[in-house]
Structures are given as structure tokens and as C-alpha cells.
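Notes for the one structure printed next.
The values are calculated or read from the model by the stated rules, or taken from the named source; none is laboratory data. Note that this is a predicted model, so its numbers are computed, not measured. Note that we place each Cβ from the backbone using ideal geometry, even for glycine, and neighbour counts take in every protein chain shown.
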Amino acid sequence: MPSEMFEKLHPLSARNPFLNFMGMELLDAGEGWVKMKIAFRPEFLQPFTVHGGAIYSLADAAAAHALMTLILPDQYPTTVEQRINFLKAVKDRDVFCESKIIHLGKTLAYAEATMTTADGTLVAKSTATLMRLDAARVKR
């Protein structure tokens, strides 16, 4: 059964044009954390493994969604800095991401993300610093 936080966040996530284009999906959410996935597509291959940019985009989206669970509707996130370590190549599988907020400040937040395949194989680890923006500033 989907959580209350998932029910709140999913409609916003489902309307995001970039996430839809990339085939990213919000799977679950709670206070300060989310689970997402990116569905494998042959267009992600470069030429034999999934391009790191697709995996990086998943980590970025998941970190932002984790922060949204704590700051919506008054604020929205934007990424200030992100790093990623690629640990294993992915050839033809969906990639799953769990991200959580480690520190929530008045202006900045710090998130960690772990990317795996369905069988739990570790694909990448990421950290990100995100900024909290007032909703009025975002919607201008």
C-alpha cells in the first residue's frame, strides 16, 4: 500500500517532463527519503553499457525528491553540487535508487543516494548538496 508521502509526491513527479522522457518513476517515499527507478532503454547504451549520465540523472532526481518530502509545498529544491562514483557497469537492466536527506539546514540540504539493480548489485553511490528555494521564486 502506498504511503501518504508517496500519494502526496507522486502526482508532482508523474507530471515532470524530464522524468517522463527519461523513464524515471517514483516507487515509494517517506519523510526524508525516496525510492525511484529508471527503466532500461537501448537508447541509454553508449554503445554497450548504460551511459553514466542516465544514472547520474536518477541520483539527482532522487535527491531532489527526498528533499521535497520535507519542504513542499512552501519550497522546492535545486541541486547546487553533486558527485557520483560509478562502481559497476549496467548493460540491460533497470536501475533503482534509494536517496535520503542526511542534513537539512535552513538554506542547504545534503543527500546520499545508492543505485542498484533489481538483484541488489551496487551500481553507484552519490552525494548531493541541494538548495531550498521559496515556491514563489520558482514559479516566476
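A few comments on the model shown:
- Between R83, R15, R93, R41, the distinction of being touching a Gly at 6+ places or on another chain (Cβ under 8 Å) and at pLDDT 95 or above belongs to R41 only.
- Within region 102-140, tally of residues that are over 21 Å from L58 (Cβ atoms), of a type in the set (A, V, I, L, M) and either touching a Ser or Thr at 6+ places or on another chain (Cβ under 7 Å) or at pLDDT 95 or above (or both): 3
- The one condition from (1) surrounded by fewer than 19 Cβ atoms within 10 Å (Cβ to Cβ); (2) aliphatic (A, V, I, L, M); (3) at pLDDT 95 or above that M1 does not meet is (3).
- Beta carbons closer than 6 Å, at least 6 apart along the sequence or on distinct chains, pair a first residue in region 5-34 that is in contact (Cβ under 8 Å) with a residue 40 or more places away in the chain and of a type in the set (A, V, I, L, M) with a second that is surrounded by fewer than 19 Cβ atoms within 10 Å (Cβ to Cβ) and part of a helix (DSSP H, G or I) for A29/F6.
- Residues of region 95-124 satisfying the condition of being basic (K, R) and farther than 19 Å from D28 by Cα: K106
- Considering residues of region 87-140 that are small (G, A, S) and in a strand (DSSP E or B) only, the residue farthest from P42 (Cα to Cα): A109
- Whichever residue in region 107-140 is more than 12 Å from P77 (Cα to Cα) and of a type in the set (D, E, K, R) and, among such residues, is surrounded by the most Cβ atoms within 10 Å (Cβ to Cβ): E112
- Tally, over region 26-45, of residues that are within 19 Å of A113 (Cα to Cα) and surrounded by fewer than 18 Cβ atoms within 10 Å (Cβ to Cβ): 6
- Among the residues listed as I55, I84, the single one being touching a residue at least 24 places away in the same chain (Cβ under 8 Å), in a helix (DSSP H, G or I) and either loosely packed, with under 15 Cβ neighbours inside 10 Å or not charged (D, E, K, R) (or both): I55
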